[in-house]
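Enquirer: Got a structure here, written out as structure tokens. Questions coming.
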Amino acid sequence: MLAMWIILVIILFILIVLFCLILCFCKSFDCGHAGAPPLIEQLDPGTYSFHLKSEPEIYGNHNPNLDFYSNSRKSEPNGDYIEDILENWFGDYEKLERHHGYIQWLFPNKVTGLNRHAFRLNDYEIQEISRNEILRDRVKRSFHLMLDFYGMSMTGDCQFALSLSNNDRIKNLKESPHNFLRITRILTALGEFGLRREQKNWLRFLEGMVERGILKEADYSLNNFWTPAVQAFDR
């Protein structure tokens, strides 16, 4: 009888441990945190930029990111055309915070993200978006959209500053660390589309915010993701 009780206790202990492990995994996958972003969104900066080859053939004859930037395709899920997003979502902070389907479309990368309805960026799309003045301008407008959301602004000479009414925006950035993942994605997309000056200057501005304690919560992301994401394009 004693042996049976011991076995039952051991089994119960194992089940509790397994349950805790599963719970921790689910939380980290769904939410992420300032310390370590979800694995599926992490980039290997050493291999991302020029060493990771995109695979346009998986889309057949279609280039979904190019179609989106050409304003002929809506973002998914529950999205919109890029011109409608840039015009109607600007300043709608609640939508930009809670909607998780648009960021991979505005700032496509060569790696798979959390949005299964979005597509990896391919080399042909990079070429076409980068050399077309209208499409390239939409990349810049997308960047301004997110800067405003984060309580920041950029002048014509690529200098950055905090917006006058930035307190709520910075507070939201600190309390919603999934936005740190978004910043990694934005920095990478800026590099892909050849906006290196914007990319480097913004990184320096973010570094200053972390150093001054304004955004100290992002120290891990700065050192392990933001800086390497920019450095990847120097290779």
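Enquirer: Could you grab me the full set of residues in region 199-215 that are part of a helix (DSSP H, G or I) and either at pLDDT below 95 or crowded, with 22+ Cβ neighbours inside 10 Å (or both)?
Expert: Scanning region 199-215 gives Q199, W202, L206.
Enquirer: Could you check region 81-99 and list, in sequence order, the residues that are in a loop (DSSP other than H, G, I, E, B) and in contact (Cβ under 8 Å) with a residue 40 or more places away in the chain?
Expert: W89, F90, G91
Enquirer: Based on what the data block shows, is S130 in contact with a strand residue (DSSP E or B) (Cβ under 7 Å, 6 or more places away or on another chain) and surrounded by fewer than 17 Cβ atoms within 10 Å (Cβ to Cβ)?
Expert: no
Enquirer: May I pose another question? Restricting attention to region 139-161, does a residue exist that is crowded, with 17+ Cβ neighbours inside 10 Å, touching a Lys or Arg at 6+ places or on another chain (Cβ under 9 Å) and over 25 Å from E175 (Cα atoms)?
Expert: No - not one qualifying residue is present in region 139-161.
Enquirer: Okay, moving on. Any chance you could count how many residues in region 184-203 are without any contact (Cβ under 8 Å) to a residue 40 or more places away in the chain and either farther than 15 Å from R136 by Cβ or touching a strand residue (DSSP E or B) at 6+ places or on another chain (Cβ under 6 Å) (or both)?
Expert: So the answer is 2.
The values are calculated or read from the model by the stated rules, or taken from the named source; none is laboratory data. Computed from a prediction, not measured in an experiment: that's the story for all the values here. Glycine also receives a Cβ, built like all others from the backbone with ideal geometry; neighbour counts cover every protein chain displayed.
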